[in-house]
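What follows draws every value from the coordinates through simple rules; no lab data is involved. Keep in mind that what you see is a predicted model, and the values were worked out from it rather than measured. Neighbour counts are summed over all protein chains in view; Cβ atoms, including those assigned to glycine, are modelled from backbone coordinates with ideal geometry.
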Amino acid sequence: MAVDANGTNGAQAETYHQEALAALKDQSLFIKDAFLDGKFVSKDKEFDVYEPSTGTVLGKVANCTLDDFKAAIKSAETAQQEFWATTTAAQRGGMLRKWFNLIIENQEDIGVILSLENGKTRSEAVGEVLYAASFISWFAEEATRSYGDTIPSSSPDTTVLTFKEPVGVCGIITPWNFPAAMITRKIAPAFAAGCSVVIKPPSETPYTCLALTKLAVDAGIPPKIIQVCPTKDRAAATELATNPIVKKISFTGSTGVGKMLAKLAADTLKKCSLELGGNAPFIVFEDADIDLAVEGAMFCKFRCTGQTCVCANRLIVQKSVLPQFTEKLVAKVAALKMGPGLDPSTTQGPLVNRGGVTKTAEHIADAVSKGATIAFGGKAPEVPGFFHEPTILSGVTPDMLVANDETFGPLAPIFSFDTEDDAVKLSNDTEFGLAGYFFSKDVARVMRVARKLECGMVGVNTGKISAAEAPFGGVKESGYGREGSMYGINEYQNIKSVTIGNNDK
Ligand code: SIN
């Protein structure tokens, strides 16, 4: 489609997604039904899903009611008991491995669906599909490595064992910025542990979840183990957090919603994993490799058009290297090509919705009104679709909105500092604590600053910290619980201790 940095082009916008969908190798992967009680089912009521590159409706999806959620939870309860009673860890691992293989085979189709509903570039979308699949592969292995213990007893004739058991039905609420990976990072460990899931996918991007669900069932995962209820009804999250059958909530999204869910879940004392907002500092020390730091900032800031919880929200640069870093970053950002995700020349897609464009513009306007200057970009082009220019601000200070609030857009605000202590203080001056990054070649500084940053994940000399093997999660108001890694499966298990006494009788 002939869409460039100036945006979409009239009638072509209308056919953009139709052509892309018609070219899917497997048409059955574009699904608009809910997946309830082991079947895809249509609903009388549906809601619109938008295509961010054109701002037009991509399609309609079943709009589940609270009664659908209640029925899905009940169905998932019975299915989970059977799943746990009838499968070994090796069998669950085998199902996950088959699911992984099917996703790899269908990566291009899922990438197109994902790009259409989210807006990210095709290569980023396929990259996300592979990232999503890596959690399935990881937890296929973890299923068979999740051992209990034999504990030395304080009594001579007693044996103490631990069993790891599934928590039961899990309520899964995921965001639109990673329509594939946030689903698999939660449900692969749930299945490995022997749990069932009821998913409320994001209403902006439900299609990727439904495609993954079809492949899960094709792979032999018992259908009632996975229930997918797309909905526009916000009360659905409340149902998941309060229904006594649900034993765990896993949520990725805003801190405000996370706090509300934790409060609601407290009444039935559900386990919770909450991966919430961030305000990541990205520090560039004067002893850093500046080219490496610019490369890291490009990945970390502009991946998914700045819409990641772990993206650099504040670039904090030592004064002596400020001009050099800014000049190099401007050159790289100027080379980005804004456009629709599926256009092969695009390197920066649209935001997911109009709200994202407005928030980015508000952060820029606020900073400029308080003295920041625009080093690059700064405008939202008046075109169909939800575009904002990738933007760099210089001279940003802690009194500006962007210092305290996650932009979730393509805005790189540059702060400056004199000393290491200043940089650490500025970095930690936030209620959030998800990710932090810094660049330095000084080994002692690397150890010192990595310890001092108040966040759950630190990237040193890299902007890329996300991988199946690395624990993902935050501290402070960025939430609790860890996803991926050797720890991720624990979130879906209870430890039962079994004490066998009188062993000598
Ligand atoms: C997120 O933004 O929530 C996830 C980012 C990631 O997994 O890298």
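When the criteria are applied in full, Thr238 meets the requirement of being free of Cβ contacts under 8 Å to residues at least 60 places away in the same chain, away from the ligand (no atom under 16 Å from the Cβ) and not charged (D, E, K, R).
When we screen Thr347, Thr391 for residues that are polar (S, T, N, Q), closer than 17 Å to Phe302 by Cα and buried (at least 24 other Cβ atoms within 10 Å of the Cβ), the only hit is Thr391. When the residues of the range 409-435 are filtered to those that are part of a helix (DSSP H, G or I) and in contact (Cβ under 8 Å) with a residue 24 or more places away in the chain, the one that is nearest to Pro281 (Cα to Cα) is Ser427. Which residues, taken from the range 284-305, are surrounded by 23 or more Cβ atoms within 10 Å (Cβ to Cβ), more than 16 Å from the ligand (Cβ to nearest atom) and within 24 Å of the chain's Cα centre (by Cα)? Selection gives Ala293, Val294. The single condition among (1) assigned to a helix (DSSP H, G or I); (2) within 16 Å of the ligand (Cβ to nearest atom); (3) surrounded by fewer than 24 Cβ atoms within 10 Å (Cβ to Cβ); (4) not aromatic (Phe, Trp, Tyr) that Thr308 does not meet is (1).
Cβ-Cβ contacts under 7 Å between residues 6 or more apart (or on different chains), taken from a first residue in the range 136-156 that is surrounded by 12 or more Cβ atoms within 10 Å (Cβ to Cβ) to a second residue that is basic (Lys, Arg), are listed as Ala140/Arg97; Ala143/Arg92; Ser146/Lys164; Gly148/Lys164.
Going through (1) surrounded by 24 or more Cβ atoms within 10 Å (Cβ to Cβ); (2) farther than 24 Å from Pro340 by Cβ; (3) among the hydroxyl-bearing types (Ser, Thr, Tyr) one by one, Ser115 falls short only on (2).
Scanning the range 251-282 for residues that are over 14 Å from Lys186 (Cβ atoms), of a type in the set (S, T, N, Q) and either in contact (Cβ under 8 Å) with a residue 24 or more places away in the chain or away from the ligand (no atom under 12 Å from the Cβ) (or both) gives Thr255, Thr268, Asn279. For the range 439-472, the tally of residues that are within 16 Å of the ligand (Cβ to nearest atom), in a loop (DSSP other than H, G, I, E, B) and not polar (S, T, N, Q) stands at 10.
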